[in-house]
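Peer 1: If you scroll down you'll find the structure; I have some questions about it.
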Amino acid sequence: MKWAVVDIGSNSMRLSAYDVEKTSFKTLFKEKTMAGLAGYVEDGRLSEEGIARACDGLLDFKETLDTLELDHVSVFATASLRNVCNTDQAVRRLREVTGLPVEVLSGEEEALYGYVGAMCDLNMQDGVFVDIGGASTEIVRFADGALQDSSSYAVGSLKLYRDCVKKLLPGKGAMDRMGETLRREFPSDAFQIQEKPRSIACVGGSARAVLKLARRQFGLSAGERRVSAEQMETLFDLLAKGDREAIDLILKTDPERVHTLIPGLMILRYVVKNFGAKEIVVSQYGIREGYLCQRVQCAM
């Protein structure tokens with residue numbers, strides 16, 4: 001059975017199509033658009049322009065789906081619509097314009113699906129899972145291959161950039177503001193765990209961007225998915241200079257994230273430091289695959 005899953009995120013909108021069996025799935029294709037919806041939030045509301053941007057993204061995806069004749073489609077939104085006060089209005093408009101119903105996931109559901117998706121790829125039984133999005137960060141603690149607890153925090157790469165940075169790349173003042181925001185948004189008990197994890201499992205655009213930077217800067221193999229805490233510190237020191245070398249590195253590696261890569265790296269670095277981890281390992285799967293497992297395969 002062919003099934004498509006659309007994720008309306010705060011920074012990017014993503015479409016993935018799968019060939020699904022009861023106990024397995026195969027990715028057929030992926031498509032994304034950098035909608036940057038968190039940048040359209042004004043006074044806690046997603047603006048009319050932001051809603052129109054989301055509609056345009058969905059209509060583009062729908063054209064692809066119609067061309068490929070994919071009948072089974074699930075559409076969900078995360079913090080992009082969850083953390084605004086006009087959620088119902090935005091969801092209603094999206095359905096009126098595109099004909100597609102949109103489910104808004106809770107923070108707990110977002111954390112669960114991200115964790116389940118990552119574990120479809122990673123062989124980890126105990127530890128911590130982190131998903132850094134555009135407007136929220138989810139943290140999951142797991143043991144013996146089962147989720148123990150999860151939390152969602154209203155801080156993400158695009159939101160942090162929009163709230164704290166005045167130029168394309170952050171200067172010292174912006175760095176200080178971002179640091180203060182992280183200390184305020186993450187309570188001390190966010191990082192309590194019985195035993196410090198060696199590795200933190202990660203999904204999301206920020207983690208993938210950091211991995212791509214590490215591969216380029218340190219000559220890692222194309223199949224490498226681990227970045228050490230020391231390598232992240234080196235990358236942070238390099239990018240924090242905000243000079244030509246830093247800009248060139250970002251533009252050559254992930255130009256779509258030129259403005260959000262440093263804020264995303266700061267969140268990831270802060271989480272790794274506070275958990276006392278030695279490295280991150282980036283999963284090739286994430287929330288869409290977790291949603292597929294939990295909501296589609298479980299119903300087959």
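Peer 1: Name the trypsin sites (Lys or Arg not before Pro) in the range 205-300 that are in a loop by DSSP and that have at most 15 other C-beta atoms within 10 Å, would you?
Peer 2: Lys241, Lys278
Peer 1: Turning to a different aspect of this structure: Pop a pseudo-label 7 angstrom from the Cα along the beta-carbon direction at both Glu224 and Glu48 and give the gap in nm to one decimal.
Peer 2: Modelled inter-label distance: 5.1 nm.
Peer 1: Report the residue, chosen from Asn83, Asn274, Asn123, that carries the largest GNM mean-square fluctuation when the chain is represented by alpha-carbon nodes joined by springs under 10 Å.
Peer 2: It is Asn123.
Peer 1: Report the extension gain between Val97 and Asp144 in nm, rounded to one decimal, defined as 0.36 nm multiplied by the number of residues separating them, less their alpha carbon distance.
Peer 2: Stretched out fully, the Val97 to Asp144 stretch lengthens by 12.4 nm.
Peer 1: Ok, one more. Too long at a 19 Å Cα-Cα cut-off: which of Lys167/Lys241; Lys2/Lys62; Lys26/Lys252?
Peer 2: Lys26/Lys252
Peer 1: Assuming 0.36 nm per residue, please report the length gained on full extension of the stretch Lys196 to Ser151 beyond their Cα-Cα distance.
Peer 2: Length difference between fully extended and current span is 14.4 nm.
Peer 1: Mind checking the range 9-102 for trypsin sites (Lys or Arg not before Pro) that DSSP puts in a loop (not H, G, I, E or B) and that have at most 14 other Cβ atoms within 10 Å?
Peer 2: Lys22
Peer 1: Can you give the FRET efficiency for Arg244 and Leu28, using 1/(1 + (r/R0)^6), R0 = 45 Å, r = Cβ-Cβ distance, to the nearest 0.05?
Peer 2: 0.65
Peer 1: Return the distance in nm (one decimal) between the two label points of a simple spin-label model at Asp163 and Met1, each offset 7 Å from Cα along Cα→Cβ.
Peer 2: Output for this residue pair reads 4.0 nm.
Peer 1: Moving to a separate point now. About its Cα centre, how strong a charge dipole does the range 2-105 have in debye, to the nearest 20, once Lys and Arg get +1 and Asp and Glu get -1 at the Cβ?
Peer 2: Computed about the Cα centre, the dipole is about 300 debye.
Peer 1: Shape call for the range 69-169 from the C-alpha gyration tensor, a ≥ b ≥ c root eigenvalues: rounded (a/c under 1.5), prolate (a/b greater than b/c) or oblate?
Peer 2: oblate
Peer 1: How long is the gain from Phe236 to Glu279 if the chain were fully straight, where each residue apart is worth 0.36 nm and the alpha carbon distance is subtracted?
Peer 2: 14.0 nm
Peer 1: Sticking with this structure for a sec: Give the residues of the range 228-248 whose amide nitrogen is closer than 17 Å to a point set 7 Å from the Cα of Arg216 in the direction of its Cβ.
Peer 2: Only 232-248 fall inside the zone, counting backbone N under 17 Å.
Peer 1: Let me ask something else. Please identify the longest segment of the chain free of exposed GluC sites (Glu not before Pro), where exposed means a DSSP state other than H, G, I, E or B and no more than 12 other Cβ atoms within 10 Å.
Peer 2: The reported range is 70-194.
Peer 1: Magnitude of the Cβ-charge dipole of the chain, K/R +1 and D/E -1, about the Cα centre, nearest 20 debye?
Peer 2: 740
Peer 1: Taking P(r) over Cα pairs in 20 Å bins from 0, in percent straight from the coordinates, which label in (i) 35, 60, 6; (ii) 33, 55, 11; (iii) 33, 47, 18, 2 is the correct one?
Peer 2: Step by step, P(r) over Cα pairs in 20 Å bins from 0, in percent for this structure corresponds to label (i).
Peer 1: If you plug each phi of the range 16-21 into the Karplus form 6.51 cos²θ - 1.76 cosθ + 1.60 with θ = phi - 60°, what whole-Hz ³J(HN,Hα) values come out, in order, with x for Gly and Pro?
Peer 2: Using θ = phi - 60°, the values come out as 10, 10, 9, 9, 10, 10 Hz.
We did not get these values from a lab; they are worked out from the coordinates using the rules stated. A quick note: this is a predicted structure, and the numbers were derived from the prediction, not measured. Neighbour counts run over all protein chains shown; Cβ positions are idealised from the backbone, glycine included.
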